[in-house]
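Q: Here's a structure for you.
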Amino acid sequence: MKLKRNQIIVTVLKRKDIKVGLGIITFFLIVALTSFIYMPYNPLASTGPDYAPPSLSHLFGTTNIGQDVFSQWMYGARATLLVGFLTALISTIIGTITGIIAAYFRLFDEPLMRITDAVLALPTLPLLIVIAAFIKPSIYYVSLLIALLSWPATARVIRSNTLVLKSSPYIEVALLSGTPWYKILFKDFVKHLLPLILAYSMFAVIGAILTEASLDFIGVGPLTDYSWGAMISFAFQNNAIYNGAWWWLIPPGLSIAILSTGFALVGYGLEDTFRKR
């Protein structure tokens, strides 16, 4: 079994799309972690002339009040990745548990799926805008709210694949041999579904990053945490386009696109590997 698991890991890591995706994610993780140790300037302090274009002293130029955009970009990587990973963790756990329980215990299938359908039908972004208007938004509140509205897709996929596994001879033998249900759930189902669970956690990260950036852009997100979405929002509020300060908009916007592509490459690669298995 250990040899088979190692073969699966080698097969996954041989895929070019997964290697490229992991490379992109690793790069931005290094940027975020480096920002705890070193940044060229204080990201919120005026350190240069207003609207200065990119130069050796300010690699990404400066904002309307002389703040270093490169330092803000490094600082914003923290909040953006935190939202993505925290949301994905919560939504994946909820979706996985809901899907497996619904498929394994038929008594809970109907009520859990009706709850899933109800949450799936909710308009995520408008609802988040309304909620954010009544609470003081923070990076953690936003992550939790996005997670509580984004788990149904994972639950449905996990349920359908759990039903397929449940009818397989391997699981039927385990049931007939008297294996406790909790061992079947956590040892057999989770182990076999792990690539798919990881794949949908990647998609959850993408959804969280884009949703948080959308909330920041319209002014109801956690602007005090200064994510890449907040950078874009401040740039628009201060007429960066009108003043020709393209360097204030392109780094965060392009980073969101590239990072999302990295997670998508890993997610689709893992999902394809699972389907072939």
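The values are calculated or read from the model by the stated rules, or taken from the named source; none is laboratory data. Only a predicted model underlies this, so the values are computations on that prediction, with no experimental measurement involved. FYI the Cβ positions are ideal-geometry reconstructions off the backbone, even for glycines, and counts take in every protein chain you see. Remember, those area values only see protein heavy atoms, side chains included, never the ligands or the DNA or RNA. Shrake-Rupley method; radii C 1.70, N 1.55, O 1.52, S 1.80 Å.
Q: Within the set of pairs 6 or more residues apart or between chains, which connect a residue that is in contact (Cβ under 8 Å) with a residue 60 or more places away in the chain inside segment 258-270 to a residue that is among the charged types (D, E, K, R) and surrounded by fewer than 23 Cβ atoms within 10 Å (Cβ to Cβ) with Cβ atoms less than 6 Å apart?
A: LEU265/ASP17; GLY269/ARG15; GLY269/ASP17
Q: Is it the case that segment 67-83 has a residue that's in a strand (DSSP E or B), open to solvent by 10 Å² or more (accessible area, probe 1.4 Å) and closer than 20 Å to ASN239 by Cα?
A: Yes, segment 67-83 has at least one match.
Q: Going by what's in this entry, would GLU172 be described as open to solvent by 20 Å² or more (accessible area, probe 1.4 Å), among the acidic types (Asp, Glu) and touching a Pro at 6+ places or on another chain (Cβ under 9 Å)?
A: In short, no.
Q: Looking at segment 239-256 only, could you name the residues that are open to solvent by 50 Å² or more (accessible area, probe 1.4 Å) and either of a type in the set (Val, Ile, Thr) or within 30 Å of ILE131 (Cβ to Cβ) (or both)?
A: Within segment 239-256, ASN239, ILE241, ILE250, LEU254 qualify.
Q: Let me ask something else about it. Filter segment 258-277 down to the residues that are open to solvent by 50 Å² or more (accessible area, probe 1.4 Å) and aliphatic (A, V, I, L, M), then identify the one that is nearest to GLY76 (Cα to Cα).
A: Per the stated criteria, the residue is ILE258.
Q: What helices (runs of 4 or more DSSP H), lying completely within segment 101-150, carry at least 3 residues that are acidic (Asp, Glu) and modelled with pLDDT of 85 or more?
A: Output list reads 106-121.
Q: Considering each residue of segment 207-238, count those that are over 17 Å from the mean Cα position of the chain (by Cα), of a type in the set (S, T, N, Q) and either modelled with pLDDT under 85 or buried (at least 20 other Cβ atoms within 10 Å of the Cβ) (or both), and give that number.
A: Of the residues in that region, 2 qualify.
Q: Report, ordered by the first and then the second residue, all pairs with beta carbons closer than 8 Å, sequence separation of six or more or different chains, a first member in segment 123-151 that is farther than 18 Å from THR96 by Cβ, and a second member that is hydroxyl-bearing (Ser, Thr, Tyr) and loosely packed, with under 15 Cβ neighbours inside 10 Å.
A: ILE135/TYR141; SER138/THR224
Q: Name every residue in segment 23-37 that is in a helix (DSSP H, G or I), among the aromatic types (Phe, Trp, Tyr) and open to solvent by 60 Å² or more (accessible area, probe 1.4 Å), in order of residue number.
A: Residue satisfying the conditions is PHE27 alone.
Q: Then there is this: Give the residue, chosen from ILE184, ILE158, that is surrounded by 14 or more Cβ atoms within 10 Å (Cβ to Cβ), over 30 Å from ASP216 (Cβ atoms) and modelled with pLDDT under 85.
A: Just a single option satisfies the conditions, and that option is ILE184.
Q: Scan LEU198, LEU193 and give me the residue that is open to solvent by 30 Å² or more (accessible area, probe 1.4 Å), in contact with a Leu (Cβ under 8 Å, 6 or more places away or on another chain) and either of a type in the set (A, V, I, L, M, F, W, C) or without any contact (Cβ under 8 Å) to a residue 12 or more places away in the chain (or both).
A: Going through LEU198, LEU193 in turn, just one is open to solvent by 30 Å² or more (accessible area, probe 1.4 Å), in contact with a Leu (Cβ under 8 Å, 6 or more places away or on another chain) and either of a type in the set (A, V, I, L, M, F, W, C) or without any contact (Cβ under 8 Å) to a residue 12 or more places away in the chain (or both): LEU198.
Q: List the pairs whose first member sits in segment 62-75 and is among the β-branched types (Val, Ile, Thr), whose second member is open to solvent by 10 Å² or more (accessible area, probe 1.4 Å) and outside any loop (DSSP other than H, G, I, E, B), and whose Cβ atoms are under 7 Å apart, counting only residues at least 6 apart or on separate chains?
A: Matching pairs, first to second residue: ILE65/SER46; VAL69/TRP247; VAL69/PRO251.
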